[in-house]
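Working notes, beginning with the structure itself.
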Amino acid sequence: MRRSASFVLATALALVLSSCVPSSEVPPIGSSLASPTPTPSSAAPAMQASPSALTLSASSFPPGGTSYPSLTVSQPGANSAPFVITAQSTCISHGNASIYSTSSSGTATTVQVQPLVTGQCVLQFGGTGGVTLYVPVTITN
């Protein structure tokens, strides 16, 4: 019984191996049929905010002023400055705050935030390599 099991196993293995594609029919790695080898990419530099969160009082900064609290977002090691993603910043899309001014230099962006309506929201920033940063904002009365 053991001999027949070994014979069946050896026969099955021979059939499997004989059905393999001969090496002469396998395209070389550099041919157009082969998929390109992915190259590892380095991780994009992280962003940081100073301060890391904002707490503002809407009554302290009446509309029409010229000086509002500022927030600086940087991405050291990047090749450009971060930017505000206005469509996804709930502070702007929900009307809690507006960006009074924006200035960029090197790998940093500074924004002045004008508080308008009380509540909690976020400012979203985008940077090099698809990196995003959320800065929580609390606006009190």
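Laboratory data are not the source of any read-out in this text; all were calculated from the coordinates shown. Predicted model, so just to flag it, every value in this text is computed and none were measured. Using ideal geometry, Cβ is built from the backbone for each residue, glycine included, and neighbour counts are taken over all protein chains shown.
Results for (1) under 26 Å from Ser59 (Cα atoms); (2) touching a residue at least 12 places away in the same chain (Cβ under 8 Å); (3) of a type outside the set (Ser, Thr, Tyr); (4) in contact with a strand residue (DSSP E or B) (Cβ under 9 Å, 6 or more places away or on another chain), shown as yes or no for each residue.
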{"residue": "Ser74", "(1), (2), (3), (4)": "no, yes, no, yes"}
{"residue": "Thr102", "(1), (2), (3), (4)": "yes, yes, no, yes"}
{"residue": "Gly106", "(1), (2), (3), (4)": "no, yes, yes, yes"}
{"residue": "Thr110", "(1), (2), (3), (4)": "yes, yes, no, yes"}
{"residue": "Leu116", "(1), (2), (3), (4)": "yes, yes, yes, yes"}
{"residue": "Gly119", "(1), (2), (3), (4)": "yes, yes, yes, yes"}
{"residue": "Leu123", "(1), (2), (3), (4)": "yes, yes, yes, yes"}
{"residue": "Leu133", "(1), (2), (3), (4)": "no, yes, yes, yes"}
{"residue": "Pro136", "(1), (2), (3), (4)": "yes, yes, yes, yes"}
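If you go through region 125-134 one residue at a time, do you hit one that is more than 15 Å from Ala49 (Cβ to Cβ), outside any strand (DSSP E or B), of a type in the set (Ser, Thr, Tyr) and under 15 Å from the mean Cα position of the chain (by Cα)? Break it down into steps so the answer makes sense when it comes.
In the first step, residues of region 125-134 are kept if they are more than 15 Å from Ala49 (Cβ to Cβ); the result is 128-130.
With outside any strand (DSSP E or B) added as a condition, the list becomes 128-130.
So of that shortlist, the ones also of a type in the set (Ser, Thr, Tyr) come out as 128.
Add one more test, that the residue is under 15 Å from the mean Cα position of the chain (by Cα), and what stays is 128.
The answer is yes, given that some residue of region 125-134 is more than 15 Å from Ala49 (Cβ to Cβ), outside any strand (DSSP E or B), of a type in the set (Ser, Thr, Tyr) and under 15 Å from the mean Cα position of the chain (by Cα).
Tell me, please, whether a residue that is of a type in the set (Phe, Trp, Tyr) and not in a loop (DSSP other than H, G, I, E, B) can be found in region 62-69. If you could, list the steps in order and put the result at the bottom.
Start the filter on region 62-69 by keeping residues that are of a type in the set (Phe, Trp, Tyr), which leaves 68.
Pick out the ones that are also not in a loop (DSSP other than H, G, I, E, B) and you get none.
No: zero hits.
Please pick out the residue among Ala87, Ala49, Ala78 that is touching a residue at least 40 places away in the same chain (Cβ under 8 Å) and not in a strand (DSSP E or B).
Details: Ala87 fails: touching a residue at least 40 places away in the same chain (Cβ under 8 Å); Ala49 fails: not in a strand (DSSP E or B).
So the residue among Ala87, Ala49, Ala78 that is touching a residue at least 40 places away in the same chain (Cβ under 8 Å) and not in a strand (DSSP E or B) is Ala78.
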